[in-house]
Structure formats: C-alpha cells, structure tokens
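Structure, as structure tokens:
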Amino acid sequence: MRRISNRGVTAATALLTLVVTAGPAGAAPGADPRRGTSVGTGTGAPLPAPDPDGVGDALKRTLAAGAPGAMTRVDDGRTTLSRTAGVSDTATGAGMDTDGRFRIGSVTKTFSTVVLMQLVAEGAVDPDAPVERYLPGVLPDTRITVRHLLSHRSGLWDYSNDMFARTVPGFEAVRDRVFTVRELIDLATAHPATAVPGTTYQYSNTNFVVIGALIEKVTGRTVREEYERRIIDPLDLRNTAYVHPETSISGKRIRGYLTPDEAGAPLVDSTEQTVSWAQSAGAVISSPGDLDRFMSALLGGRLVRADLLERMLEMTPSDGSGVRFYGLGLRRRDLSCGIPVYGHTGTVQGYYTYSFTTRDGRRSVTSVANTSNNGTANTVLGDTLEAAFCGKRATAPRALTARAPLPEEEASAAR
Ligand code: REX
C-alpha cells in the first residue's frame, strides 16, 4: 500500500474510549475555517451535540450481537469524538482503533461516482449517454445509460448473489481469485435482465464494476490511479488505498471476521482477500478519519461541481421503509429526529461500515464493526448514527411512583 506508514497496534482488551480532540485535524485542505462552529443539518436547524453514551451503548450492543469489535468516529471539523468497543484482533486482544484500516466495501461506490462525476464535469462522459458509447459490445442492452448504472437502475443481475449463496464456501472460493471485469460481467449477463433499464431500483455490484471499466476506458488510466489523483492525494487520505488484487492490509489494521451461516460456528478470519469480486464496487481500504474527511469534502462541495452534486443527491426510495433512499453512488437515511444524512454503507466479508454526513458536510460519522453476515450486528451498528447526529433524545416523563408530602401535610402529620 503506497504512502501508508505502519504505526503499530495498541495492545488493549475490550474497552471503551472517548477521545475529544480540538483542532482542525479533520478538516480537508481548503476547508472552510468556520467549519465546526455552527454544525448545520442542511434543513436550517442546528444539529444537536452528539451523544457519546448513546454511541457507546450502540457499540456495546453490536458486540452483544456477535461482533468482536466496533467503533465510531464523529468529526465536526474542530472536534472529533471517537468511541471503540471490543477488539481489532481476536488473537492478540488488541483493542479496536479509530486509526485502523479496514475494508470499506460499497463505500467504494461513492469514490467511483466522484471520479465519474469529475469526468462528467470535464465533458469526457455524458451521464445520459448509453454505456454502449464508451464500452461498445460489453452490455447486452444498449438502452442502459451511465446514470442507470450509478443509480442501480440498469436491470443488470448482481453476480454476487450467486457467489455468496453459501457464505463461507462462497468466500473461500473467491478470496484468492483475480477476476477480469469481463468475467464478472459475464457472470451477471448469464442471467436475464432483472428489469427494463431505467424503471426499477435494484442494488447490483455489477453496475459499479462496469463504472470502473468505463473510467479506465475513458481516462486510459487504472481506477487505482484515478482514485489517487482525484480523491486520495488532494484530500491527503493517508490511510486510504486501492490495492486490488493484493490481499493484505498494511499498517495498523482492523482484522475482519466473517460469521458463518451455521449457528454457533466460529468466526472466520477474512482479513486477507483480493476483493477482486468487488473491484470498483467495493475494494477500497480506508480508516474512519479518512472516510469522515472524504464525506465532508464531498457534501461540502469540494470534490464534485455543485450542479453535479445536486444530481447525485436526487434520491428515490431504496426500500419500503420511507427513510432510506439512493441517488447516484450515494445513500440518504432520514434519522428519527428528522435529520437527513448522506453517505454509503459497506459490507465486505468481515466488515460492516456506515459513513454518513450532513447535507453541508459539517458533521461526518463513520462506524465500523469487524464482522459481517450478521444482520443484527449491522442493524444495531446503524444506531450509532442516531446517537451521533440526533444527540441525546428527550426521554418520556417518568411515571409517578410515590407522592411526596406537601409542607402543609408534613405540618399536619407533626401535629
Ligand atoms: C457480499 C456478500 C455483500 C457478503 C456485497 N457487498 O454485495 C457490497 C456492499 C460490496 O458493500 N454492499 C452493501 C457476505 C449491501 C452496501 O451497499 O451496504 N454475505 C457478508 C454473504 C451472504 O455471504 N450469504 O456478509 O460478508
């Protein structure tokens, strides 16, 4: 991994830490110096202070659900708040560490979208052009546009559904594999289309593997080079890299533990793998600090031209919940306090990630658990967002359990 230093691992067992640092460490180059002084929701209302106890409670519940470790980093620009629980390595007992590197899974899709939107700004790609214009003969349906890929509306089957039908055998079959993009697309197109292009939201890794191929075709450079020159270097993300198909995470790393399908079976250390099955749909490595900085820079308007960021933020429901939406390579979640947050989630064997920010990019939150294939752990980890963005929730008034005597009653009792 380039430019990444090995700073060693802090030995610690299961612990909770709270770190509040003052200073602009979390601010991206060129960041607004006022950043952090009036964190806003993008809806005009001020954002409540984060609730460290609520974050810590959600992390503890993530451990109770089966994750070896979990962590959250909240970045308000001038202050950061970090909470960890459990271990980053079950063999050494090293504590979870918010400086640690992990596999971010589909948060990679937001990186790929930023590169693509910069190419749109440069006039190199038309989002409404058929993919056929850039990659002739690659997709089975010439009606599929670039925007259909970015919004998961292409109708292309997600090949990972077949790959991971059986979780651990599926993973072991691909952990050392190096796929060509053509092989992954062929796996997808062996299935009939799932919908007419443009009509239906259906999450599919295939879409973002094609986006990676398109980036490489249009720029003549690898996606790794494009992530570096357009995002990693300008934002000085020192813990972020695309090392595909290398299998290891260098430096201070969080080990990942995949949960088998069989109840009670031991977790499988899944840290080392090529992630070739995901590539530009999911193979980036990063740290909580780097992801917070990335999301703040994106929503703060420092990576993508304002009108194109608006296009990324045009959302349609991603499920029937009424609170989860997808735009272009970007999710929106409406929290219970009414605040919408923007970012992405990630699942790659051994790691769950949430990385979200406010509409103005002034508060970013990244939460990670070092397990996967454990829906409860993933859902509970998501509760960290509520505590980090909504703060302490007003509790219902306690029911009256005893009547305290009024002074007149005490006086009459004394008589
Ligand atoms: C693959 C299965 C999950 C993992 C996947 N990950 O498609 C992409 C991603 C890259 O991050 N998507 C998520 C495995 C949904 C996102 O956008 O948030 N599951 C696991 C199985 C299930 O093998 N049988 O949980 O590690």
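Note on the range 187-220: residues that are among the charged types (D, E, K, R) and either under 27 Å from Met315 (Cβ atoms) or in contact with a helix residue (DSSP H, G or I) (Cβ under 8 Å, 6 or more places away or on another chain) (or both) total 1. Candidates Thr92, Thr180: the one that is of a type in the set (Val, Ile, Thr), modelled with pLDDT of 95 or more and over 26 Å from the mean Cα position of the chain (by Cα) is Thr92.
Looking at the range 108-176, the helices (runs of 4 or more DSSP H) lying wholly inside it that each contain 3 or more residues that are of a type in the set (A, V, I, L, M, F, W, C) and touching a residue at least 24 places away in the same chain (Cβ under 8 Å) sit at 146-150, 167-174. Here Arg324 meets each of (1) open to solvent by less than 10 Å² (accessible area, probe 1.4 Å); (2) within 15 Å of the chain's Cα centre (by Cα) with one exception, condition (1). Among residues of the range 193-217 that are part of a helix (DSSP H, G or I) and within 16 Å of the ligand (Cβ to nearest atom), those with a Cβ under 9 angstrom from a residue that is open to solvent by 10 Å² or more (accessible area, probe 1.4 Å) and of a type in the set (Phe, Trp, Tyr), sequence gap 6+ or separate chain, pair up as Asn205/Trp277; Thr206/Trp157; Val209/Phe179.
Would you mind stating whether Ala241 is crowded, with 23+ Cβ neighbours inside 10 Å and out of contact with any helix residue (DSSP H, G or I) (no Cβ under 6 Å at 6 or more places or on another chain)? It is true that Ala241 is crowded, with 23+ Cβ neighbours inside 10 Å and out of contact with any helix residue (DSSP H, G or I) (no Cβ under 6 Å at 6 or more places or on another chain). Hey, can you tell me all the residues within the range 71-105 that are open to solvent by 10 Å² or more (accessible area, probe 1.4 Å) and farther than 18 Å from Arg253 by Cα? Matches in the range 71-105: Asp76, Arg78, Thr79, Thr80, Leu81.
The values are calculated or read from the model by the stated rules, or taken from the named source; none is laboratory data. Every value quoted in this text rests on a predicted model; they were computed, and no experiment measured them. Cβ coordinates were reconstructed from backbone atoms using ideal geometry, including for glycine residues, and neighbour counts include every protein chain displayed. To get the accessible areas, we keep the full protein, side chains included, count just its heavy atoms, and leave off ligands, DNA and RNA. Shrake-Rupley method; radii C 1.70, N 1.55, O 1.52, S 1.80 Å.
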